[in-house]
Amino acid sequence: MQETVKLLRDCPAMLIPSGLKVTLAKDNQLVVTHTLGGKFTVRGIFGIARIDEENADALGLKPLGRPDGAESKPENTSAEVSQAPTRLSAGSGQCALASAAQEIPQATLDDLWNTAKTVFDPEIPVNIVDLGLVYRMEILKAPDGKDKAEVDMTLTAPGCSMGPAIANDLKLRLEALPSISEATVNIVWDPPWNTDMMTMEARMILGLE
């Protein structure tokens, strides 16, 4: 996507690759280079920046919508269940009551990996899974019995200042999955990343094949 727009209002943004948070002034002319991962990556006289979907109106564009895999957790589940009429048959006891309260769907490892594929390095039009940045994903049981996700990922270079922003983006998307109460994303450097870790699709997108 390459689209030239003019900012309709002052707009918060994050400069790439420094990660510095700034406000872009109204009437700035920008080129939207891509809209992957639910973010707008733009180029202007300041260089490259990332703009969140919630500020799409400042660009005169429509919101991108929730990326695939980033489903919202059901809200007020307990309240809704308590208000629903429950019919107990004779002798059914607690079993019938338990069946009335439907459990939150359990997230799977496939759900975690698919969610990670919606996260992009804003400088590269390839998701972090196909780039080979994600080394490990697990679903563990927290002490309170709830599911938590734990991830080891790396960056294309140790000096990448966008690392914390990418890791936090992944954390928030994983925590939006049903049954995942908490996500921990660790940035690791062993083994060091190299281009051989990319998928064939990623290599083709970047012109390496």
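Tabulated data
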{"item": "Residue match in the stretch 153-171 (condition: over 21 Å from ILE16 (Cα atoms) and not in a loop (DSSP other than H, G, I, E, B))", "result": "no"}
{"item": "Hits in the stretch 113-143 (condition: outside any loop (DSSP other than H, G, I, E, B), in contact with a strand residue (DSSP E or B) (Cβ under 8 Å, 6 or more places away or on another chain) and not charged (D, E, K, R))", "result": "TRP113, ALA116, PHE120, ASN127, VAL134, TYR135, MET137, ILE139, LEU140"}
{"item": "Enumeration of residues in the stretch 181-203 that are in a helix (DSSP H, G or I), hydrophobic (A, V, I, L, M, F, W, C) and surrounded by 12 or more Cβ atoms within 10 Å (Cβ to Cβ)", "result": "MET197, ALA202"}
{"item": "Top-ranked residue in the stretch 15-74 [being part of a loop (DSSP other than H, G, I, E, B) and among the polar types (S, T, N, Q); ranked as modelled with the lowest pLDDT]", "result": "SER72"}
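The values are calculated or read from the model by the stated rules, or taken from the named source; none is laboratory data. What you see is a predicted model; the values in this text were computed from it and never measured. Glycine gets a Cβ as well: all are built from the backbone with ideal geometry, and neighbour counts include every protein chain shown.
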